[in-house]
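Data block below; observations after.
The values are calculated or read from the model by the stated rules, or taken from the named source; none is laboratory data. This structure is a prediction, so every number in the text was calculated from the model and none was measured. Using ideal geometry, Cβ is built from the backbone for each residue, glycine included, and neighbour counts are taken over all protein chains shown. Accessible surface is based on the protein model in full, side chains and every heavy atom, while ligands, DNA and RNA are left aside. Shrake-Rupley method; radii C 1.70, N 1.55, O 1.52, S 1.80 Å.
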Amino acid sequence: MSREKQRLKKKMIFAAVCAAILVIIAVFSGVIAPNDPYATNATLIRKPPSAEFIFGTDNMGRCVFSRVLIGARTTIAATFFLVAISFVIGTLIGMLCGYYGGVVDDILMRFADLMLAFPQMVVAIAVAGMLGGGLFGALLALGVTAWTSFARLARSHTLSIKNEPYITVARLSGKKGAYIILHHILPNIVEPVLVNALTQIGTTMIGISGLSFLGLGVVAPQAEWGSMISEGRAYIQIAPWTVLFPAAATVITIIVFNYLGDVVMEYKNE
Amino acid sequence: MTGRITKRIAELLVLLIVLSILTFLLMYLAPGDPAQKRLSSQGVAVTKEMLDAERERMGLARPFFVRYGEWAWGVIRGDFGLSLKDDMPVAPKLREGLSNTIVLASASLILSLVFAIPLGILSAVKKNSIFDHTVRILSFIGNSLPNFLISVILMYFFCIWLDLFPIIASGSIQGLFLPALSLAIPMCARFTRQIRAEIQKELERDYVTGLRARGVKESDVLIKNVLYNCMGHIFTIIALQIGTLMGGSVVIETIFRWPGIGKLVMDSITARDYPVIMGFVLIMGTIYVAVNLLSDIICQVIDPRVENE
């Protein structure tokens, strides 16, 4: 192992640890949060950060710190969910198309091309707008285009290995197509597709919080970073902390996941 | 070359027809009844008879393909139908919004390229220097910032702290600066990263070593060979960013109240004004596809090898 590779490995571990910490915080946010993120209090409106409310309180007297924590769960869970679903659906479609080929392959890949041919956010805004908001609508809107990169990748890797001797042998010994795809093709193509999933996390997070910011994502009063920033924007002059903390949380999370994706990508190419 | 381009244009037409069908289908399936919405917005108590009459008048009762055909035929002639909100034709609204959006998008594109091209090139040439590391870190961070967040930060900094710019952009030159900057920062970061990677890859090619061995001046190697060979790729990089730019401009226009097509569509989403949304999707899709076709053609003109790939 070269020195460069070792250096990258260290970076990779560092990034993975940071990402793991964020995920753990999100998972246990309900336990960590010092206050009820949804409890409003008319006497505590827009209080600056203090010992009791370390991130201050928002326009309805809710604890910003607790809301940022709970928001982490919303944002990170929604992102992981979307990436995981697109990964499963896209990889499955890609493997089926690559292995069997034929008319179905033609149609599905044309459709994927079509989805790739249009700007993702424009499609997402139109779909989310039509569905009338809600987190599910936003996820569906981003999902319409998100599966395509997985499908393309899985398909091209399947094509490159489907004529390898071990696949032929499996086929000759009477194994069914579904068995070959799951036991022989999937383990051999999953790595590059997983790396793609990793690099998609940051972009997906930007997409979800962007839609929420526009009011096309989560519905109030649910805590989500994009919608918190959007809410806080109206009184940023008198209570900048209501924007500052969710904004910092968003930036840090996206940076960590983008960094992880970058380093893993670099490590693989080295 | 002409054969390939003709094929691409044919593909583009098919793509647009499918897009228009999908767009129409989306509106067709969308929840909410435009006739109901319209009547209740006039503040009258809605009876079933009135609803049926209104549906009949708006042509909502006819089959899908008849309605699609009528809409598509109108679009071809530049008529995007009537707004459900105020009965005014949609096309002039879209046109006005689009021209404002083009101003904003071009300003941010120019702004980001002015910085990204020199930074990307210098960073690749001085690989692993302090300059390179700084550029890489900054562009990495820029790439991770959602543009709505940048705009909020810029607004706070310039409008409230420094009190330099108007918060509501409303179409003036002065108001153009902040929205354009908000769009330009993440885009500039992405361009810098991609241009740097592209140039660096080219610099590692054998012919560069060969040129250097023969004692060709470094500036000639860089400008006459490396940059020239990368130009096609750089065009493609720019064309691919147009899509992100379109999505971003919706967000930014809404925040700064810039009277572009993005703000128009957000207002229309709130009002469930379907004809405007359909027009928006169709126009944005067409522009994006056309820009990518154009960049393909430019690539081929610059670098005829592309055809063989």
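Residues being small (Gly, Ala, Ser) and over 21 Å from the mean Cα position of the chain (by Cα): count how many of those fall in segment B:111-147.
So the answer is 4.
Looking only at segment B:124-168, filter to residues that are part of a loop (DSSP other than H, G, I, E, B) and open to solvent by less than 80 Å² (accessible area, probe 1.4 Å); which one of those is nearest to B:GLY248 (Cα to Cα)? Before you say what the answer is, go through the steps one by one.
Our first condition is that a residue be part of a loop (DSSP other than H, G, I, E, B); within segment B:124-168, this holds for B:126-129, B:144-146, B:162-168.
Still in the running and open to solvent by less than 80 Å² (accessible area, probe 1.4 Å): B:129, B:144-146, B:165-167.
Details: B:SER129: 33, B:SER144: 14, B:LEU145: 12, B:PRO146: 9, B:PHE165: 21, B:PRO166: 21, B:ILE167: 18 Å.
Going through the qualifying residues, I end up with B:PRO146.
Check segment A:58-76 and report whether any residue there is in a helix (DSSP H, G or I) and acidic (Asp, Glu).
No, segment A:58-76 contains no residue that is in a helix (DSSP H, G or I) and acidic (Asp, Glu).
Identify the residue in segment A:227-248 that is in a helix (DSSP H, G or I) and touching a residue at least 40 places away in the same chain (Cβ under 8 Å) and, among all such residues, is most open to solvent (accessible area, probe 1.4 Å).
The qualifying residue most open to solvent (accessible area, probe 1.4 Å) is A:GLU231.
Examine segment A:209-219 for a residue that is at pLDDT 90 or above and β-branched (Val, Ile, Thr), and state whether such a residue exists.
no
Of the conditions (1) closer than 22 Å to B:ILE287 by Cβ; (2) more than 10 Å from chain B (Cβ to nearest Cβ), A:ASP113 clears all except one; give me its number.
The number of the failed condition is (2).
If A:HIS184 satisfies every condition in (1) buried (at least 24 other Cβ atoms within 10 Å of the Cβ); (2) modelled with pLDDT of 85 or more; (3) in contact with a Phe, Trp or Tyr (Cβ under 9 Å, 6 or more places away or on another chain) but one, which is the exception?
(1)
Can you say whether A:GLY210 is buried (at least 22 other Cβ atoms within 10 Å of the Cβ) and in contact with a helix residue (DSSP H, G or I) (Cβ under 9 Å, 6 or more places away or on another chain), as far as the supplied structure shows?
In short, yes.
Consider B:VAL291 against the criteria (1) more than 21 Å from A:GLY137 (Cα to Cα); (2) within 10 Å of chain A (Cβ to nearest Cβ): it satisfies all of them except one. Which criterion is unmet?
Unmet condition: (2).
If I filter segment B:30-37 for residues that are modelled with pLDDT under 75 and either more than 14 Å from chain A (Cβ to nearest Cβ) or in contact with a strand residue (DSSP E or B) (Cβ under 6 Å, 6 or more places away or on another chain) (or both), do I get at least one hit?
Yes, some residue in segment B:30-37 is modelled with pLDDT under 75 and either more than 14 Å from chain A (Cβ to nearest Cβ) or in contact with a strand residue (DSSP E or B) (Cβ under 6 Å, 6 or more places away or on another chain) (or both).
For segment B:215-254, enumerate the residues that are farther than 27 Å from B:ILE199 by Cβ and open to solvent by less than 10 Å² (accessible area, probe 1.4 Å).
B:GLY247, B:SER249, B:VAL250, B:VAL251, B:ILE252, B:GLU253, listed by residue number.
Can you run down the residue pairs with Cβ atoms below 9 Å, 6 or more apart or on separate chains, where the first is in segment A:209-224 and without any contact (Cβ under 8 Å) to a residue 40 or more places away in the chain and more than 9 Å from chain B (Cβ to nearest Cβ) and the partner is surrounded by fewer than 24 Cβ atoms within 10 Å (Cβ to Cβ) and not in a loop (DSSP other than H, G, I, E, B)?
Going by the 9 Å Cβ cut-off, the qualifying pairs are A:ALA220/A:GLU231.
From the list A:ARG110, A:ARG62, A:ARG73, pick out the single residue that is of a type in the set (D, E, K, R), modelled with pLDDT of 75 or more and within 20 Å of the chain's Cα centre (by Cα).
Result: A:ARG73 is the single residue among A:ARG110, A:ARG62, A:ARG73 that is of a type in the set (D, E, K, R), modelled with pLDDT of 75 or more and within 20 Å of the chain's Cα centre (by Cα).
Search segment A:249-270 for residues being more than 7 Å from every other protein chain (Cβ to nearest Cβ) and open to solvent by less than 40 Å² (accessible area, probe 1.4 Å), and hand back the single one that is nearest to A:PHE65 (Cα to Cα).
Of everything passing the filter in segment A:249-270, A:ALA249 is nearest to A:PHE65 (Cα to Cα).
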